[in-house]
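The values are calculated or read from the model by the stated rules, or taken from the named source; none is laboratory data. Computed from a prediction, not measured in an experiment: that's the story for all the values here. Here Cβ is always computed from backbone atoms with ideal geometry, including for glycine, and neighbour counts include all displayed protein chains.
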Amino acid sequence: MRILIIEDEDAAARRLQKLVKEIIPEAVMEDPLDSVEMVLNWMAKNEMPDLIFMDIHLADGSSFEVFNHVEVEKPVIFTTAYDQYAIQAFKVNAIDYLLKPIKRPELEQAIEKYRKWSGGGQVDYAQLARALQGEQFNRRFLIRIGQSIRVVEMKEAAYFYTESKITFVVTREGKRYPLDYSLEKLEEMADPQSFFRINRQFIVNIDAIREMYAYSKSRVKVELKPECELETIVSTERSPHFKKWLVGDEG
């Protein structure tokens, strides 16, 4: 039996490992993972374990993000400090949940519940994640670079653009990554208070605008940071909305 612990607190991960090993001596414990990025990389290279203990709050965000990118077919026991109302939202769906600090009797009950679990009622963790997260704007992207996987937060994005039919994100640090999203999809995912599609080729973060200049045909020329070699001009039809967006009047 292989068990994976996803926990961003070293002491909590070690304690949970110790308790699980005492209850299930034959268990093979995988090395704990502490971030969404680590989990996605691990799951891309390894077979699913038989049981997953998953903390909800990880080093780089919510563990629910994992379910947006990977189909988790094995049972999950959540470890959480969530308020009771949130716990009730997934109590009937997840195998079980454990409130921190985890107590041995409760852990034993959760493991016993797992052992009795027939597997007939597969949990849709992606749907569960959406239910708990609500209708929040997508806040991170899964980026594949060769064999590695990286997670880039929406708040890291300075702007998005298309070139040669490929969509790119440029981060505030000036790093560029290809994305498997169209600009149309990115418009839906991004917070309209922070991002604006200035033309068919660019979506910009308001914090990435360094300078603006009046341009012909009532258009606006935008100078971005990090610097972009491509021309960034707000289209004629979008310029009035762009000016309203700048002062928070749009939408």
Flagged pairs (Cβ under 9 angstrom, 6 or more apart or on separate chains; first in region 212-235, on the phi > 0 side of the Ramachandran plot and of a type outside the set (A, V, I, L, M, F, W, C); second modelled with pLDDT under 95 and surrounded by 10 or more Cβ atoms within 10 Å (Cβ to Cβ)) are Lys217/Thr236; Lys217/Ser239; Ser218/Thr236; Ser218/Ser239; Ser218/Pro240
Can you tell me which residue is farthest from Val70 (Cα to Cα) among those in region 9-40 that are outside any helix (DSSP H, G or I) and touching a Pro at 6+ places or on another chain (Cβ under 9 Å)?
Val28
Restricting attention to region 183-198, which residues are charged (D, E, K, R) and crowded, with 21+ Cβ neighbours inside 10 Å?
Arg197
Test: Ala208 is closer than 14 Å to Tyr161 by Cα and of a type in the set (Gly, Ala, Ser)
yes
Scan of region 187-205 for residues that are touching a residue at least 40 places away in the same chain (Cβ under 8 Å) and either among the polar types (S, T, N, Q) or touching a strand residue (DSSP E or B) at 6+ places or on another chain (Cβ under 7 Å) (or both), ordered by number:
Ala190, Gln193, Phe196, Arg197, Ile198, Gln201, Phe202, Ile203, Val204, Asn205
Restrict the check to region 205-219 and report whether at least one residue is under 22 Å from Glu237 (Cα atoms), at pLDDT 95 or above and assigned to a loop (DSSP other than H, G, I, E, B).
no
What residue, among those in region 41-66 that are modelled with pLDDT of 85 or more and in a helix (DSSP H, G or I), is surrounded by the most Cβ atoms within 10 Å (Cβ to Cβ)?
Val66
